Amino acid sequence: KSNHHGIEQACRTMASTKDKVWGGSVPVKFSLASREVTAMQAPKPIYKLLPRMSYLPLVTTSVRDHFVNYAPAIRGDLWFDFDGRPLKWHYPIGVLFDLVHNCGDKNSSATRLPLEITVHFTGYPSELLPCKTLSTVNEHFFHSLKEGCYLKYGTSSIIMNMQKSLHLKMEQSLVTGIWLWEE
C-alpha cells in the first residue's frame with residue numbers, strides 16, 4: 001500500500017513539474033531598432049506573452065507583420081537583440097529570459113518586465129546560426145531532444161521511433177506553449 005502512495009505522489013510531482021515547465025510565459029515588448037525605421041514616425045512597440053518553451057521564430061510572425069511597413073526590406077533573416085546583444089533563436093524563450101535576467105545587476109533593464117527586445121530586419125549577425133525557415137526551428141528542437149534522450153538513456157530511438165502524429169503535436173506544443181500530447 002505504501003508503494004502505491006509513493007507512485008501517486010511521483011505522478012503528482014511529474015504533473016506539477018510539467019505544468020510549471022509548459023505553463024510558464026514571458027511578457028515581452030518588441031520595438032523596431034531605431035536605425036531601421038524608414039517611416040516618418042517610429043511604430044508603436046508590440047507586446048506579447050510568449051511561452052517559455054517556444055522559440056522566437058515560431059511566435060513572432062505577428063511581430064514581423066507589425067513592423068514590416070516601418071522597416072527596410074528584409075535582407076536575410078529577422079533577428080532580435082537585448083541591450084545590444086543578439087539573442088540566439090535556437091534557445092527557448094524561457095532560457096533567453098533567464099540568461100539576460102541573471103546576467104545583469106538588480107537595477108539593470110534585464111530585471112524589469114516586460115523583457116524589452118529590439119527587432120532587426122537587416123544586419124544579421126554572423127555569430128548567430130542562420131534560420132531560413134520555421135522548419136529549421138523544429139529540426140533544431142528535435143535534434144536537441146534526440147541528443148538529450150541519448151545522454152539520458154543511451155539511445156535516441158525514443159524520438160527516432162516516435163509516431164508522426166506525436167511529432168506534430170510536439171511541434172504544435174512549441175508554438176502554443178500548451179502541452180498537447182501524452183506519452
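Data overview
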{"item": "Amide N of the stretch 41-66 lying under 11 Å from the label point, which is placed 7 angstrom from the Cα of D98 along Cα→Cβ", "result": "53"}
{"item": "R0 of 30 Å, Cβ-Cβ distance Q41-L128: FRET efficiency to nearest 0.05", "result": "0.55"}
{"item": "Centre separation in Å (Cα based) which lies between the stretch 110-130 and the stretch 159-173", "result": "29 Å"}
{"item": "Cα-based radius of gyration of the stretch 50-100 once divided by 2.2 N^0.38 Å, which approximates compact folds", "result": "1.19"}
{"item": "Table column - 3J(HN,Hα) (Hz), the stretch 43-56, Karplus curve with 6.51, -1.76, 1.60, x for Gly and Pro", "result": "x, 5, x, 10, 10, 9, 10, 9, x, 4, 7, 8, 10, 3"}
{"item": "Fully extended contour minus Cα-Cα distance, from L49 to S165, at 0.36 nm per residue", "result": "39.0 nm"}
{"item": "Whole-Hz couplings from phi, Karplus 6.51/-1.76/1.60, listed for the stretch 161-172; x for Gly and Pro", "result": "9, 5, 5, 4, 5, 5, 4, 5, 5, 5, 4, 5"}
{"item": "Subset of K146/K169; K44/K88; K48/K88; K132/K164 violating a 21 Å alpha-carbon distance limit", "result": "K44/K88; K132/K164"}
{"item": "Interchain or long-range residues, amide H under 5 Å from A71's placed H", "result": "T38"}
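Read-outs throughout are calculated quantities, based only on the coordinates presented, and are distinct from any laboratory measurement. Just so it is clear, the structure is predicted and the values come from calculations on it, not from any experiment. Please note: Cβ atoms are built from the backbone with ideal geometry, for glycine as well, and neighbour counts cover all protein chains shown.
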